[in-house]
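First up is the structure itself, then whatever we jot down about it.
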Amino acid sequence: MPFDIYVSYTRSDDSEHTVRNFIDDFKRKLKLHTGRSDLTIHMDFDDIDIERIANDKIKVSENIQDSHILLPIITPSYFTSSYCALEWDSFVRKQQLQSQIFIYPVEMGELIDKVTKFNIEDKLDEDGISRLKQFRKLEHQTLSWVNLKHDEQSAEKNIKDFVRKIDVALTKIKPIHRGKKNHHIIDENIEDKTRKNKFEEIKIIVGKEERAYPDMKPVCVIYTGGTVGMVREEELNRDSQLKIGEISEVINFIPKLKELEFDIDFFSYKTPLDSSNITSTDWVTLADIISELYRLYQGFVILHGANTMAYTASALSFMFENLSKPIILTGAEVPLIELNSDAEQNIIRSIQAAAPELPRGAGNIPEVCILYGNAMIRGNRATKKNALSTTEGFYSPNFGKLGTVTHDRMSLDHKLIRKALERYDILEIKRSLSTHNIVILDVYPDMDMKIFKQICKYDSLVGIIIRTYGTGNAPDVPSDFLDELEKLIQRDVIVINLTQCPEGRVELRLFETNARLFDIGVINGADMTTEAAYCKLKYLLGNFAYPADLEKIKLMMQIELRGELTDSAYTIKYNKKRDNTLVAPTLKGTAKDLAHFDPSTISHAVLRIQGIKFTEATNVLPETDLHVKFYLNRSTIDVDESESEEDIYYRLCEFRQKLEYQKSTTMIPQISQNMEVTEKVRRLIRSETKLVTMQVVSTNKHFFTFDSMRLIIFTQNA
């Protein structure tokens, strides 16, 4: 129950109702001088037994949490009472965490006897002395009743000043909600998969829970562990070691919960996790929990350790399709129990952001997000920025913030937030995540190729994410690295190229060393974070048949699914392995499927032809003038006829190059070419375009073949 004023005193000091009589007089004076008559004052008249402290601890904590002003009756016995110490420490901690909390001591006994020179400090341990020092710092708001009770005139004046100070404090305090409790612990073993009918039982409990705000769905908070829930093994001993706290202990350190104008239901893992130990199995467990509880709540908050938070957020973002409600991950760098903790503000802000039904709320965020410090960021765009920063622990290197907290108010950038579907009943959970082996590898100077080759030998390897230099460049001298990658791709291993740079993206158009990776079949990871690329690959491998759907998986890796990419890449590809690549002197390519996309979103397009080789007859020539034209969806091109206006309309691009053979080999070197074709592709690709054909024409009738040709169309995602 909430109280305006909590009276803390020892039973021995009230043997003759001394304290009780003072409180009665105090209430009269409070009404007389301030007009307040409806205040609730907590004063426990039961016998205080030290042995009962452990059993009554929860009761004391609840009463303390729901009160704003502590009125401690200070006597020598107050500082030697374990029960009073518990009340004092609980309130001091609450005051440290919350601004609108006040302590107004009433000194009723001499702490230093002027005759015997008795000093209470001589009987106190270190913690007791610390409490005594805290009390003495409150001298300006202490009523020294021990010196006034025999001086009626001074007593009247001082108690008048005292109650007016309390009146000012009460005016600053937000009115206490007198209704039902707005936060509830529903289940403390939510991850247990062995309990039959678990969620049916939970749904019944949730339905029967008495609500402070029955007109709104509650918010669901799932506590998985992490720094956010660390508490001391001995609550009153600041030197004791930290441990993972239970959810009831965590809630006790979040007094602002009761100020939220909606209900919050807490669920907890029985065995909270260190996030360093999180695996894909835990992601599936979390997704299952949210899926089962989805209809009951307006939004979800996951309390999670920071180490792997970006991985969990990325994985969940891919697993939920047609998400219409917020799923927000948060945690802390500093535990709740510490004075400089970032935990309470992160938790409160996340819970508020997960309440889109709140009339004065910021709005709905139907995404998996991370809220840390003052920033709300898309989960699959997040990465850890600072090892121990309470304000910038995570950031979104290539995408804007979805929301920013200023003066404790969340402002959302609705242009960046994905649109929610109106129907809540079409949520799909793709719970299959691959257990195949995926390796993440950084490229670096003098890398040991023996180790790399050994990794590549594993038959169980299905994916490798290489983090290369700059815009996606990898060493091509010596050729061992590219050779090994090509062998992997020929074994149907999926290879994805990401940049090592904190910001930026892999670019196909800039450097030849970059382009050669894609010539051998490496996938452009563009501006995905490492966490997003890893989780997306596990998701795709788990939901498509590998290796039967290999090309589908490769295509989907390059297409935006949940906002993880700025641009999607759609590729029309011809290569020697599957297609005729002989231009003699024309090539009419086979029809290729073009995945559906909105042509108005095309941002740029590139045509690359790689590994042009001339026939033997051409090689004996001292020089060759090569002139090649490329057409899209124009199968009637004839090299013997002049180019018509209609032909020109369908022409994508052309290039001309004069080449001399190498005297030592009498061979003309292989040619590769990148060509910008953005404007032509925008003109030729329509919404109804489903099949695409490419035509290659050697206008000076030289026969040649090529290793691969790709038309890559990039679309900008909303």
Taking Thr279 as the residue in question, decide whether it is touching a residue at least 24 places away in the same chain (Cβ under 8 Å) and either touching a Gly at 6+ places or on another chain (Cβ under 7 Å) or surrounded by fewer than 22 Cβ atoms within 10 Å (Cβ to Cβ) (or both). no
Checked region 294-322 for anything of a type in the set (A, V, I, L, M) and either out of contact with any Lys or Arg (no Cβ under 8 Å at 6 or more places or on another chain) or farther than 14 Å from Ile429 by Cα (or both); matches are Leu296, Val301, Ile302, Leu303, Ala306, Met309, Ala310, Ala313, Leu316
ask   = Got at least one residue in region 548-571 being under 26 Å from Phe481 (Cβ atoms), among the aromatic types (Phe, Trp, Tyr) and at pLDDT below 95?
value = no
Taking region 583-594 and the residues there that are surrounded by 15 or more Cβ atoms within 10 Å (Cβ to Cβ) and either among the small types (Gly, Ala, Ser) or at pLDDT 90 or above (or both), the one that is farthest from Arg418 (Cα to Cα) would be Pro585
Scanning for something more than 24 Å from Lys31 (Cα to Cα), out of contact with any Ser or Thr (no Cβ under 9 Å at 6 or more places or on another chain) and surrounded by 14 or more Cβ atoms within 10 Å (Cβ to Cβ), does region 153-164 turn up at least one residue? no
- Item | Any hit, region 240-253, residues being more than 29 Å from Ala420 (Cβ to Cβ), of a type in the set (Gly, Ala, Ser) and surrounded by fewer than 20 Cβ atoms within 10 Å (Cβ to Cβ) | yes
Considering every residue within region 483-494, establish whether at least one is outside the structural domain of Met309 (by TED's automatic domain parsing) and touching an Asp or Glu at 6+ places or on another chain (Cβ under 8 Å).
-> no
Note: among Gln298, Gln352, just one is touching a residue at least 60 places away in the same chain (Cβ under 8 Å), surrounded by fewer than 23 Cβ atoms within 10 Å (Cβ to Cβ) and farther than 23 Å from Lys538 by Cα, namely Gln298
Within region 650-662, the count of residues that are under 20 Å from Arg710 (Cα atoms) and either out of contact with any Phe, Trp or Tyr (no Cβ under 6 Å at 6 or more places or on another chain) or not aromatic (Phe, Trp, Tyr) (or both) comes to 7
The helices (runs of 4 or more DSSP H) lying wholly within region 528-634 that contain at least 1 residues that are of a type outside the set (Asp, Glu) and under 30 Å from the mean Cα position of the chain (by Cα) are 530-543, 550-557
Query raised in the report: Can you spot a residue in region 143-156 that is in a loop (DSSP other than H, G, I, E, B) and at pLDDT 85 or above?
Result: yes
Screening Phe199, Phe162 for residues that are of a type in the set (Phe, Trp, Tyr), under 30 Å from Leu71 (Cβ atoms) and either in the same structural domain as Gln95 (by TED's automatic domain parsing) or within 30 Å of the chain's Cα centre (by Cα) (or both) leaves only Phe162
Filter region 521-568 for residues that are touching a strand residue (DSSP E or B) at 6+ places or on another chain (Cβ under 9 Å) and among the hydroxyl-bearing types (Ser, Thr, Tyr); the one that is nearest to Leu316 (Cα to Cα) is Tyr534
Filter region 467-503 for residues that are at pLDDT 90 or above and within 24 Å of the chain's Cα centre (by Cα); the one that is farthest from Ile451 (Cα to Cα) is Glu503
Only unsatisfied item for Gly470, checking (1) buried (at least 18 other Cβ atoms within 10 Å of the Cβ); (2) in contact with a helix residue (DSSP H, G or I) (Cβ under 9 Å, 6 or more places away or on another chain), is (1)
So Arg423, is it closer than 23 Å to Met319 by Cβ, charged (D, E, K, R) and modelled with pLDDT of 90 or more
no
Across region 556-596, the tally of residues that are under 23 Å from Ile429 (Cβ atoms) and not β-branched (Val, Ile, Thr) stands at 8
Of the candidates Lys588, Lys554, Lys573, the one satisfying the condition of being closer than 30 Å to Tyr395 by Cβ, in contact (Cβ under 8 Å) with a residue 12 or more places away in the chain and not assigned by TED's automatic domain parsing to the domain that holds Pro366 is Lys554
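The values are calculated or read from the model by the stated rules, or taken from the named source; none is laboratory data. Remember, predicted model here, so these are calculated numbers, not experimental data. Note that we place each Cβ from the backbone using ideal geometry, even for glycine, and neighbour counts take in every protein chain shown.
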